[in-house]
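Engineer: Structure below; questions to follow.
The values are calculated or read from the model by the stated rules, or taken from the named source; none is laboratory data. This is a predicted model, so every value here is computed, not measured. In this analysis, Cβ positions are derived from the backbone assuming ideal geometry, glycine residues included, and neighbour counts consider all displayed protein chains.
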Amino acid sequence: MKRHFSLLWATLFAFISCSSQATEQVIEEDKNTDVVVEDGNSLLWRIEKDGYQTAYMYGTMHIIEAEYYHFTDKMTEKIKNSDAIIMEVGGMPNPIETLNLMELDSGDIRSIFSNEEMRTIVEFFDKKLGQDPDSFFKMYGKMKPFFILQAISQHYFSDNTESYDLDIMSIAGQNEIPLVGLETLEQQLGFFDAIPQNKMNEMIIGSIEDFEKEKKSTAKMMKIYSEQRVDKLIPLMSKQSPEMMEYSDIFLYDRNKAWIPKIVEEMKTRKIFIAVGAAHLLGEGGLIDLLEKEGFTLTAISTDA
């Protein structure tokens, strides 16, 4: 089975592979063993404030080619020594409810796109992705257009991919560590509903026209991510997907603001490990910035040592 999952698909299917194995022995560790990354170029951050439990936060890439995947013993230690794992969506959504959220309220996608746009999409799926028109309409005819965009982006990757989110969920399941979601799947899907339909259509057609370019840009992003050059990630995202960054408040910054009270509340009583998309950590309005404004000290630490 291909691991071409976005966070959506990771959320839907991750726990199928999470067994209820016996909890492995957790080795107590001292935060003083953390190796500080002085220039801040790390995806793993320690969060501290008097009166709160020390927490750790890791910026994931929801799908990544296996050659760029680097899940270390240090990260596994931090997860196992946590009282709870905080992720964008926690738990197993109801499949029937999820399918209902994916579907159009009425009609089909032919009523959403112009005839020319529809021809472009169907031809692309047929000639480039190997999905004939009949199969395409059976798969996507009743689905919201976002899932066409998702299907295109999944083909930026090969068959040999990994998922940090799935593996973090698996460690949580094996060690009976509770998962806490910062938002619901319904909320996540609702963010895409907030994009005007004409803009969503433009994104889909643009992704088709720039497919090879986007594929190369994704490979570049994975390389930068694997090298933990976090100072380069947001500029690259802005350059690669300016149409998506136009809605950065919806996809990133408004969500970050909504997450902060939940994260702070969790830190009052238990040690948590936060795992969310790396873009949520960075820049003004990122989680690092917002937590520092709440009086927390954040320190970049090595994922290897």
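Engineer: Based on this model, can you work out whether Tyr52 counts as modelled with pLDDT of 95 or more and part of a strand (DSSP E or B)?
Structural biologist: Spelling it out, it is not the case that Tyr52 is modelled with pLDDT of 95 or more and part of a strand (DSSP E or B).
Engineer: Ok, one more. In segment 189-216, what residues are among the polar types (S, T, N, Q) and out of contact with any Asp or Glu (no Cβ under 7 Å at 6 or more places or on another chain)?
Structural biologist: Selection gives Gln197, Asn198.
Engineer: While we're on this one: When residues of segment 254-305 are filtered for being in contact with a strand residue (DSSP E or B) (Cβ under 9 Å, 6 or more places away or on another chain) and under 19 Å from His70 (Cβ atoms), how many remain?
Structural biologist: The number of residues fulfilling the criteria is 13.
Engineer: Would you check if Glu243 is part of a helix (DSSP H, G or I) and modelled with pLDDT under 95?
Structural biologist: Considered against the rule, which asks whether it is part of a helix (DSSP H, G or I) and modelled with pLDDT under 95, Glu243 comes out as yes.
Engineer: For segment 246-272, how many residues are more than 15 Å from the chain's Cα centre (by Cα), among the basic types (Lys, Arg) and in a helix (DSSP H, G or I)?
Structural biologist: So the answer is 2.
Engineer: Inspect segment 108-119 for any residue being part of a helix (DSSP H, G or I), among the small types (Gly, Ala, Ser) and at pLDDT 95 or above and give the result as yes or no.
Structural biologist: no
Engineer: If you scan segment 64-91, which residues turn out to be among the aliphatic types (A, V, I, L, M) and part of a loop (DSSP other than H, G, I, E, B)?
Structural biologist: Passing the criteria: only Val89.
Engineer: Identify the single condition in (1) assigned to a helix (DSSP H, G or I); (2) without any contact (Cβ under 8 Å) to a residue 60 or more places away in the chain; (3) surrounded by 13 or more Cβ atoms within 10 Å (Cβ to Cβ) that Ile96 does not satisfy, given that it satisfies every other one.
Structural biologist: Of the numbered conditions (1) assigned to a helix (DSSP H, G or I); (2) without any contact (Cβ under 8 Å) to a residue 60 or more places away in the chain; (3) surrounded by 13 or more Cβ atoms within 10 Å (Cβ to Cβ), the odd one out for Ile96 is (3).
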